[in-house]
1. How long is the gain from VAL24 to ASP131 if the chain were fully straight, where each residue apart is worth 0.36 nm and the alpha carbon distance is subtracted?
2. Could you sort out which of LYS55/LYS105; LYS100/LYS120; LYS105/LYS145; LYS55/LYS145; LYS83/LYS129 sit more than 21 Å apart by Cα distance in this structure?
3. May I ask for log10 I(q)/I(0) of the range 29-149 at q = 0.13, 0.23 Å⁻¹, from a Debye sum over the Cα atoms as equal point scatterers with solvent left out?
4. Based on the Cβ-Cβ distance from SER47 to GLN104, what FRET efficiency comes out when R0 is 22 Å, to the nearest 0.05?
5. By the scheme Lys and Arg +1, Asp and Glu -1, what is the net charge of all other residues having a beta-carbon under 14 Å from that of GLN38?
6. Report the label-to-label distance for GLN38 and LYS84 in nanometres (one decimal), using points 7 Å from each Cα along the Cα→Cβ vector.
Amino acid sequence: MYYFYLQKNRVMFILTLLIAGCTVAPMQEMSDARQAMQAARYVKANSITPPTWAKAKQQLTQAEQNLEAGEFKQARQAAILAKKQALNAYHVAIAIQRAKKLWQKLSLITNNMGQTLLEKAQFAALEGKVDKAISLAEEAYRQAKELNEK
C-alpha cells in the first residue's frame, strides 16, 4: 500500500513539473529579442532595411502583447521570430555599410566603377530581400577589396 502511495505521489510530482514547465514566461527569449533589436537599431538597420526592421518590431510588439495576456507559448514564438528578423536586419545593415565604406574610400581613386552591386544590395534591402542584399553587399565588398589591394 505504501509503495502505491509513493508511486502515485511521484507521478503527480512529475506531472506538476511538466505543467509548470509549460507556463514559464519566456523572459530569456524576450530579452534576446530586445537585445537584437537594440543591436540592429545601433547599426541603423531601420533605415537600411525598413521591411525587415518593421517585421522584427511587429513580432516584438506581438510578443509583448502575448506576454501581458499570459499567452507564454505564443509570446515565446513571437520573441524568437522578432530576434531572427532583427538579426537579419543587423546583418544586412553591416554588410551594406562595410561595402559602402570601402567603395567610398575607393571612389577617390576610381571612377565609381562597381558600385552597381552596392546599389543593388541597397535596393534588395529596401525590398526586404535579406539573403540577396547580403550576397550583393558581400560581392561589392569583395570587388572593392580587390581594387583596393591593386
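Readers should treat all values here as calculations from the given coordinates under stated rules, not as data from a laboratory. Just so we're clear, the structure is a prediction, and the values are computed from it rather than from any experiment. Cβ atoms come from the backbone with ideal geometry, glycine included; neighbour counts cover every protein chain shown.
1. On the way: separation 107, 0.36 × 107 = 38.52 nm, distance 3.41 nm.
The span from VAL24 to ASP131 would gain 35.1 nm if fully extended.
2. Values: LYS55/LYS105 33 Å; LYS100/LYS120 12 Å; LYS105/LYS145 10 Å; LYS55/LYS145 33 Å; LYS83/LYS129 17 Å.
Too far apart for the 21 Å limit: LYS55/LYS105; LYS55/LYS145.
3. -0.53, -1.09
4. Values: r = 17 Å, r/R0 = 0.77.
Between SER47 and GLN104 the formula returns 0.80.
5. On the way: positive: ARG34, ARG41, LYS44, LYS57, LYS83; negative: ASP32.
My count for the surroundings of GLN38 gives +4.
6. Those two pseudo-labels are separated by 2.4 nm.
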